[in-house]
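Report on the following structure.
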């Protein structure tokens, strides 16, 4: 049995998607050794080619296209689910010039989108785990925060206000879903094995959709600080048809993100295809 390392985050959308895959609920001749880490840690591990398959920010993938290819299943894309810029002290993005902005990592898609929106905002950033950002802004460690994941459901409870929804900005600019994170596999695994992996991930998600209550204990085990309602909102927002298959719109969104980033010199141009096979 072929054994493969698989990295994904402890966030509810990922544990929902990969539950069946790592708990023997689907028929496969592959064995997956899971590693649960926050997405910025996974970005760094992929940068060192430590994982066969991993969840990754599309920003990080843009730097790793020679080593990894994209899978069509398991990703996080959609509408109305983009990163937010929030603040306690300020009311408009114009007020943030020269201010400290807490970000969840330099390789996150959130930070890439912030740079595409306004390159000057990258000058004074504080890097910290995503779950610390709301408290950092509330406690005046940062003037504003770039929040992702379930933080979009809880920031108002901390007395913060939204200055910008980067998802709404992206959708206005492109008319496409926002590509946040994807699943990548080492190109060296070969097309046949990569195709099997992609099929198994899709089967895992289909199992979760058909048996939605079964992964609950596993999801809660890795999101112990989240209320049930937040877990449900998180899965409902980030797991969708694009998670089953990127489709034409999802592929155009990823290609558009890379093209814009290459034009601004944030990513190096690449002629490699996104996928291992058509």
Helix axis angle, 247-263 relative to the chain longest principal axis, alpha carbon, degrees: 50 degrees
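So what is the calculated 222 nm ellipticity per residue for the chain, using -39500 (n - 2.57) for each DSSP H run with n of 4 or more, over all residues, to the nearest 500 deg cm²/dmol?
-11000 deg cm²/dmol
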Beta bridges by DSSP in the chain, antiparallel share as percent, to the nearest 5: 55 percent
In nm, spacing of pseudo-spin labels at residue 44 and residue 199 (7 Å Cα→C-beta vector): 3.7 nm
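If you count, for each residue, the other Cβ atoms within 10 Å and average over each peptide, how do 244-251, 223-230 line up from highest to lowest?
244-251, 223-230
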R0 of 30 Å, Cβ-Cβ distance residue 31-residue 224: FRET efficiency to nearest 0.05: 0.65
Cα long-axis angle, helix 191-210 against the chain (0 to 90 degrees, to the nearest 10): 70 degrees
Prolate/oblate/rounded call for segment 194-260, Cα gyration tensor, a/c under 1.5 rounded: oblate
Helix axis angle, 12-22 relative to the chain longest principal axis, alpha carbon, degrees: 10 degrees
Beta bridges by DSSP in segment 84-174, antiparallel share as percent, to the nearest 5: 60 percent
Max mean-square fluctuation residue, GNM over the chain, Cα-Cα springs under 10 Å, options 59, 131, 234: 131
Ranked 242, 207, criterion: other C-beta atoms within 10 Å, fewest first: 207, 242
Inter-part distance where segment 28-92 and segment 173-243 are each reduced to a Cα centre, Å: 11 Å
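Throughout, read-outs are computed from the coordinates displayed, never taken from laboratory work. These figures come from a predicted structure and were not determined experimentally. Counting neighbours? That spans all protein chains shown, and the Cβs are built from the backbone with ideal geometry, glycine included.
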